[in-house]
Amino acid sequence: MPWNVKAWYRDRVLKNESLPDDLWRHVVAGLWFLHGLSDAELRRLRECVTLFLRAKQISGAHGLVVTGEMRLMIAAQACILILNLDLDYYDGWVEIIVYPGEFVRDYEYVDEDGVAHHAHESASGESWLGGPVIVSWEDAVTAEPDAGYNVVIHEFAHKLDMLNGDANGFPPLHADMSREAWSDAFSRAYGDFCSRVDADEATRLDSYAAEDPAEFFAVMSEAFFQAPQVVRTDYPAVYEQLALFYRQDPAQRRVA
Ligand SMILES: [Zn+2]
């Protein structure tokens, strides 16, 4: 919609917002990586969450009843990525499906020899190009302090990556960013990470990042918000590019 209509619509949604204060405070208190946000940032996050919940449909699968608290927890984690971007970054799809725990992915693929396979594997999250985000609730609530793991941030990072087509670890950059600098930082770090994983070295970042460049970007994004010091120490150039892309510097936040 044109920007003025959009601004009017958002204003109206925010004026009529009905997020209970105590529930909001409870959810923020439970998500420790939000603790370093300033009051102004928390206000902006709350506005983003209000608009997000109006725009998206969150439903439970396999009998899971999605409560108001669960909706807020998912929305708050999804919105931390776009706190300094815009809700438009999540345009083009509406559905978030929440499973009680890991779910089974069934899909066909053709390998490099042209042989078709049927795969059947369990997953804690999935993002579809132009389609839903799927997360396991059990995994969405087990994010631990200082561990980089966060399935909600991971899947929404894939959504940002998919803004310019299939996920490939190269989301649309801002006009003031350099494609060369991004490519250089990520390809060097990915190469280094893969060789460490191949050598069975213990890595502080989730070894799943070695899967492909799209997973590397999603895992680095999880860690950028959850364990920013680790990304900044292990891969400073990647940290710098993520800080430019997300327009945030979480390593500078003081988490109580
Ligand atoms: Zn992934």
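The values are calculated or read from the model by the stated rules, or taken from the named source; none is laboratory data. The structure presented is a predicted model; accordingly, all values stated were derived computationally and were not measured. Cβ sites come from the backbone with ideal geometry, for glycine too, and all protein chains shown count toward neighbours. Accessible surface areas use protein heavy atoms only, side chains included; no ligands, DNA or RNA. Shrake-Rupley method; radii C 1.70, N 1.55, O 1.52, S 1.80 Å.
In terms of the Cα gyration tensor, with a ≥ b ≥ c the square roots of its eigenvalues, is segment 113-181 rounded because a/c is under 1.5, prolate because a/b exceeds b/c, or oblate?
Numbers: a/c = 2.08, a/b = 1.12, b/c = 1.86.
Taking the square roots of the gyration eigenvalues as a ≥ b ≥ c, segment 113-181 is oblate.
Using a Gaussian network model of the chain in which every pair of alpha carbons under 10 angstrom is joined by a spring, one finds that among D139, D184, D39 the greatest mean-square fluctuation is at D39. Modelled this way, with points 7 Å down the Cα-to-C-beta line, the labels at T67 and V115 are 4.9 nm from one another.
Absence of a disulfide-compatible partner, taken as no other cysteine beta carbon within less than 4.7 angstrom, is noted in the chain for C194. Given their separation in residues at 0.36 nm each and the Cα-Cα distance between them, D184 and R43 gain 47.2 nm when the chain is fully extended.
Shape verdict for segment 131-217, please, from the Cα gyration tensor: rounded (a/c under 1.5), prolate (a/b greater than b/c) or oblate.
oblate
Rounded to the nearest 5, what % of DSSP beta bridges with both residues in segment 86-211 are antiparallel? Don't skip to the answer; put the middle values down first.
Details: 11 of 15 bridges.
Bridges in segment 86-211 are about 75 percent antiparallel.
For segment 5-252, the share of DSSP beta bridges that are antiparallel, to the nearest 5, is 60%.
Using a Gaussian network model on the chain with a 10 Å cutoff between Cα atoms, which of E211, E108, E180 fluctuates the most? Highest fluctuation among the options: E108. A Gaussian network model of the chain, with springs between Cα atoms under 10 Å, assigns the largest mean-square fluctuation among S136, S127, S183 to S183.
Shape verdict for segment 1-92, please, from the Cα gyration tensor: rounded (a/c under 1.5), prolate (a/b greater than b/c) or oblate. Don't skip to the end; give the middle numbers.
On the way: a/c = 1.65, a/b = 1.19, b/c = 1.39.
Taking the square roots of the gyration eigenvalues as a ≥ b ≥ c, segment 1-92 is oblate.
Which residues does a label at N168 reach in segment 109-126, if reach means a backbone N under 20 Å from a point 7 Å past the Cα toward the Cβ? Hits in segment 109-126 for N168 at 20 Å: 110-112. Of the accessible area of segment 30-138, computed with a 1.4 Å probe over protein heavy atoms only, carbon and sulfur atoms account for 49 percent.
Pairs of alpha-carbon atoms within less than 8 angstrom and 6+ residues apart define the contacts here; what relative contact order does the chain have, in percent? Could the numbers behind the result be given before it?
On the way: 352 pairs, mean separation 43.3, N = 256.
Once normalised by length, the contact order is 17 percent.
Shown for the chain is the translational diffusion coefficient from the Stokes-Einstein equation, using the Kirkwood radius over Cα pairs, a temperature of 10 °C and a viscosity of 1.306 mPa s: 83 µm²/s.
Here's the picture: charge each Lys and Arg Cβ at +1 and each Asp and Glu Cβ at -1 in the chain, and of T233, A40, A218 the one pushed furthest to the positive end of that dipole is A40. Model label points for D21 and S122, set 7 angstrom from Cα along the Cα-to-Cβ axis, are 4.3 nm apart. Within the same chain, lysines fewer than 8 places from K15 are excluded, and of the rest, those with a Cα less than 23 Å from its Cα are K6, K56. Here the sum of -39500 (n - 2.57) over DSSP H runs of 4 or more residues, divided by the residues of the chain, equals -14500 deg cm²/dmol at 222 nm, to the nearest 500.
Please get the size of the charge dipole for segment 52-157, origin at its Cα centre, with Cβ charges of +1 on Lys and Arg and -1 on Asp and Glu, quoted in debye to the nearest 20.
Details: 4 positive and 18 negative charges, 129 e Å.
So the dipole magnitude of segment 52-157 works out to roughly 620 debye.
With every protein chain kept in place and ligands, DNA and RNA left out, what is the accessible area per residue of segment 5-252? Probe 1.4 Å, answer in Å². Write down the numbers at each step before the final one.
Numbers: 12030 Å² over 248 residues.
For segment 5-252, the solvent-accessible area averages 48 Å² per residue.
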